[in-house]
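Worksheet: the structure to be examined is printed underneath.
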């Protein structure tokens, strides 16, 4: 499965990579997906490459829906994430 190596807590660059992998696994080109969603191919490419920090939630949701996925809010755990622990350790 495409999403086996993703956690339920993704940052935007990881979500872009997820979209890319899902798109490729379904045999959809960037040009086709961009045309079908009425977005530019350069916007889709930048998002997939983790370079589109200002992309809107509506576009991300449309991309996921197009590929058969959804964006679901998940309550944040009161415990720190592994990434937060690593960052805190680096600050010491």
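The values are calculated or read from the model by the stated rules, or taken from the named source; none is laboratory data. Just so it is clear, the structure is predicted and the values come from calculations on it, not from any experiment. No Cβ is skipped: glycine too gets one built from the backbone with ideal geometry, and neighbour counts run over all protein chains shown.
Mind listing whichever residues of the range 47-64 are free of Cβ contacts under 8 Å to residues at least 24 places away in the same chain and touching a helix residue (DSSP H, G or I) at 6+ places or on another chain (Cβ under 9 Å)?
51, 59
Any residue in the range 1-30 that is modelled with pLDDT under 70 sitting within a Cβ distance under 7 Å of a residue that is part of a helix (DSSP H, G or I)? List the pairs, counting only those 6 or more apart or interchain.
From residues that are modelled with pLDDT under 70, the pairs are 2/21; 2/22; 2/25; 3/18; 6/14; 6/18.
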